[in-house]
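The values are calculated or read from the model by the stated rules, or taken from the named source; none is laboratory data. None of these values were measured; they are calculated from a predicted model. FYI the Cβ positions are ideal-geometry reconstructions off the backbone, even for glycines, and counts take in every protein chain you see. The area values use the complete protein model at the heavy-atom level, side chains included, leaving out ligands, DNA and RNA. Shrake-Rupley method; radii C 1.70, N 1.55, O 1.52, S 1.80 Å.
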Amino acid sequence: MNPTRICIAGVAGRMGQCLLALTLKDPELKLVEALERRGHKWVGHHLSEVAGVEKGLGVVVDSDLHHESTAQVFIDFTEPVTASFHAKVCADLKIPIIIGTTGVVGDEKDRIARAAEHIPVIHAPNFSVGVNVLFKLVEQAAEALGDSYDVEIVEAHHNQKEDAPSGTALRLYQSVLKGFEPNAGYTAVHGRSSFNRGVRTKKEIGIHAIRMADVVGEHTVYFAIGGERIELTHKASSRDTFARGALRAAKWIVGKDPGMYTMAQVLGLE
Ligand code: NAD
C-alpha cells in the first residue's frame, strides 16, 4: 500500500518536531509538505538543513499550502487563528485536516465547523490514546457516582502554554456533564480567586490550571464526597503520545466523507 501523504503545519514547533520525527520513522506515512509562519527562519530552507533530517527528504519549508498540493492529509499544531485559516484553505483544496491546536474560540471555531461541511475534520484537544480513554472513564464515573459528589478538575502544563485552562480540561468537564444530567445547570468555576465568593455550591465544577517548567500535560478529575475521594489521573511524559495519536488519526481520516469526527471514533471508543 502507498504511504499516506501528509503536510505538517507548525513543523518547527514542539509538536511539529515530534510529528516530523515520528513521520520519518513510519513507512505508512510520507511527508510531502511542511509549513511554518511567514518570516520564520526555517521558511525557504530544506528540512535537512534546519531540522537535521536526512538529505533525501527534499521538503522545503513553506509558509503557504500549494494549490497543487499532493498532500492527502493536513496536520495543524499551530495557534488558533492559523488553525481556522488552514481549515478554510483545506476545505477549498478538499484536503482532510487534523487539528490539534487548542484555545480555538468564537469565529475560529465556526470557520472550522464550516470547513467540515466540505472535508473530514478532526479537531481534538488531546490526541493521546490514554486521555481519550480517560474521557470515557470520567463519563462512566460521573454516571455511576451521581451528582452528590463534588467534582474538581486540575490540569498542569509547561510554562510556555498560552491557553488556560487546557482544551483537555474543558473536554473533561464535558465528560462529567455527560455522565451527570447535562442540562441540570452546572457551571464551570475557573479558579476561585475572588475574595468572599462564598462556599462551593453543588452546581459548580471547579477547573484549575497550573503552569510550571517543562510539564508535558497532566490532568486529574476528583470525585469527592464525605468519607471518600476518587482521583482519575492521566500524565503525559512525552509529546510523542499526542503526535502518535494525531498520525493515527491522519491515516484513519483519508477517504472519509465530509464531517466532524472525534478521536473516540478513530479509536473505536464510540
Ligand atoms: P509551539 O509554539 O511550540 O509551536 C507552534 C508552531 O506553529 C510554531 O513553530 C509557530 O511558528 C507555528 N506557526 C504559527 N503560525 C503559523 C502559520 N501561520 N503557519 C505555519 N506555522 C505557524 O506550540 P506547541 O507546543 O507545538 O503546540 C501547538 C498547539 O498544539 C497549541 O495550541 C497546543 O496547546 C496544542 N497541543 C495540542 C495537543 C493535542 O493533543 N491536541 C498536544 C500538545 C499541544
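Could you tell me which residue of region 94-115 is farthest from the ligand (Cβ to nearest atom), considering only residues that are loosely packed, with under 15 Cβ neighbours inside 10 Å and small (Gly, Ala, Ser)? By that ranking, first place goes to 113. Restricting attention to region 208-229 and to residues that are among the aliphatic types (A, V, I, L, M) and buried (at least 17 other Cβ atoms within 10 Å of the Cβ), the residue that is nearest to the chain's Cα centre (by Cα) turns out to be 216.
Inside region 161-192, residues that are open to solvent by 40 Å² or more (accessible area, probe 1.4 Å) and either free of Cβ contacts under 8 Å to residues at least 60 places away in the same chain or under 22 Å from residue 229 (Cα atoms) (or both) make up a count of 13. Within region 52-91, how many residues are more than 16 Å from the ligand (Cβ to nearest atom) and either of a type in the set (Phe, Trp, Tyr) or part of a helix (DSSP H, G or I) (or both)? The total comes to 4. Would you say residue 242 is more than 23 Å from residue 6 (Cβ to Cβ) and either open to solvent by less than 20 Å² (accessible area, probe 1.4 Å) or in a helix (DSSP H, G or I) (or both)? Spelling it out, it is not the case that residue 242 is more than 23 Å from residue 6 (Cβ to Cβ) and either open to solvent by less than 20 Å² (accessible area, probe 1.4 Å) or in a helix (DSSP H, G or I) (or both). Among the residues of region 260-270, just one is open to solvent by less than 70 Å² (accessible area, probe 1.4 Å) and in contact with a strand residue (DSSP E or B) (Cβ under 6 Å, 6 or more places away or on another chain), namely 261. Of all the residues in region 92-112, those that are part of a loop (DSSP other than H, G, I, E, B) and under 17 Å from the mean Cα position of the chain (by Cα) number 7.
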